[in-house]
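Read the structure below first, then the notes.
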2 protein chains.
Amino acid sequence: MGPAVEGRAVDKVAQRRSELAAAALETLAELGYARTGLRDIAARSEFSHGVLHYYFRDKVELITHCVREYKARCATRYDEAVATARTAEELVAGFLREQTATLTGEPQMHRLWYDLRNQSMFEPAFRADVAEIDLLLERMVWRVVSRYAELSGTRPRASSAAFYAVLDGLFQQALLRQLAGDPQAAPSLRAAVQEVLPQLVH
Amino acid sequence: MGPAVEGRAVDKVAQRRSELAAAALETLAELGYARTGLRDIAARSEFSHGVLHYYFRDKVELITHCVREYKARCATRYDEAVATARTAEELVAGFLREQTATLTGEPQMHRLWYDLRNQSMFEPAFRADVAEIDLLLERMVWRVVSRYAELSGTRPRASSAAFYAVLDGLFQQALLRQLAGDPQAAPSLRAAVQEVLPQLVH
DNA sequence: CCCGTCTCTGGACGACCGTCAAGACTTTCC
DNA sequence: GGAAAGTCTTGACGGTCGTCCAGAGACGGG
């Protein structure tokens, strides 16, 4: 029979799945989707490669599960800045601080996100999850933008989707430069955001 | 010895390399980097897989050569619209027409570009070429934007890099939706560009 | 204590990967 | 026409991939 589908053991199984998913995320972030094998993932965990098929049907289900766990962490990154800022300038400062921190602090996690989002352009199995996360991120950006407009007594001049696409484009270019070793990546991103954002909210 | 490095045969070799590079591009666009093997590429050409190592040292050189040929086609896409437009509105219309046409007409080629650009985040061997193409595209966008400003008697309100990142972000989101089968992808992109651009040039 | 269930290991499978080399075929030149 | 150079095919190599499975070990209830 399969893993303990009934009884209290369910959460034990869920925990193991999380554990393996974490190892998978770590591996994917380091190697990228194209170069990550199940044995690489198992090597980052404390188990052997066979166990992956005990907790996941196949590779797609494993990666899908990874992505689902990843989303939960991402989509609240700027919420504290939104909640505590008392002026528009404070909000922008908080947003930029957080954005810069993630750019320089965990660039690998972000290149993984872009990698997986790209894979969804080729692999339909990833599309639903990717679209869901993208929507979560869009809403997160929108919370920042609409609060910014509120604090500065103005209105957003573009749709939620447009704001997300714009900021994501800026971040992606910065990430490319950051990973190429350009020390100006973070400052340039800050400058670009401060340049662009106020013009789209006035 | 290797292929005819001397004499007139050089262009024959270059032509063959182009032929194989075209097959490689076609394959990569269809399958994505992660799923493309040399045998898949050879199957799209009229040759067998062994010949690839006769014209290219290894897989990296082949793909690098592909990307280099790809760039030549990309970076002049909007130049005609820039040259012929007599008003700002005409220019935007021409730009949007061209952008929509490539979004719906060759989405596979574009997902390939994003795929390869993403690979450069993991694989340093691709970084130089990707950065070079990105710069070419940035300049192409800048030609459009600065001409637009000129025609409308205004000034661009952000850097060349920022404009490129913004428009690229909008296009990438549209491409994701297009490939997911969303019929609103193209209209939404047009709307977003018309919304955002004038505010960054005024 | 034994037995059934859950968990995990480690090896084996067929397929596919990039690479290479031996040789067949074609072209060129003396 | 024969030799040399250029071009392409074919098959093999070591390796890695996702997947599967037989069985060892751990664990808990009778």
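Here are some notes:
- For chain B, leaving out every one of the GluC sites (Glu not before Pro) that falls in a DSSP loop and has at most 12 other Cβ atoms within 10 Å, the longest unbroken run is B:47-202.
- Chain A Cβ-axis minimum, rotational copy B, residue and distance in Å: A:Gly169, 1
- Neighbour counts of C-beta atoms inside 10 Å place A:Lys59, A:Lys71, A:Lys12 in the sequence A:Lys12, A:Lys59, A:Lys71, starting with the fewest.
- Estimated FRET transfer efficiency when R0 is 45 angstrom, pair A:Lys59-B:Glu98 (beta carbons, to 0.05): 0.70
- Computed on chain A, with alpha-carbon pairs under 8 angstrom and 6+ residues apart, the relative contact order is 19 percent.
- Under a model in which nothing but the beta-carbon of Lys, Arg (+1) and Asp, Glu (-1) is charged, the protein assembly as shown shows a dipole of about 100 debye around its Cα centre.
- Listed residues A:His53, A:His65, A:His110, most fluctuating in chain A (Gaussian network, C-alpha, under 10 Å): A:His53
- Cα gyration tensor shape of the protein assembly as shown, rounded if a/c is under 1.5, else prolate or oblate by comparing a/b with b/c: oblate
- For the range B:51-116: rounded, prolate or oblate by the Cα gyration tensor [a/c cutoff 1.5]: prolate
- Global form of chain A, assessed from the alpha-carbon gyration tensor, a/c cut-off 1.5: prolate
- Spatial separation of Cα centroids for the range A:43-119 and the range A:139-184, in angstrom: 17 Å
- Among A:Leu31, A:Leu175, A:Leu91, residue whose mean-square fluctuation peaks in a GNM of chain A (springs only between Cα atoms under 10 Å): A:Leu31
- In this simple spin-label approximation, A:Lys12 and A:Arg86 carry label points 7 Å from Cα along the Cα→Cβ vector, and these lie 5.2 nm apart.
- Relative contact order %, the range B:53-173, counting alpha carbon pairs below 8 Å whose residues are six or more apart: 30 percent
- The slack between A:Glu30 and A:Ala191, meaning 0.36 nm per residue of separation minus the straight C-alpha distance, is 55.1 nm.
- When +1 charges are put on Lys and Arg Cβ atoms and -1 charges on Asp and Glu Cβ atoms, the dipole computed for chain B relative to its Cα centre reaches about 140 debye.
The numbers here are math on the coordinates, done by the rules we state, and not lab data. All figures in this text were calculated on a predicted structure; none of them were measured in a lab. Because the Cβ atoms are built from the backbone with ideal geometry, glycine has one as well, and the counts that use them run over all protein chains shown.
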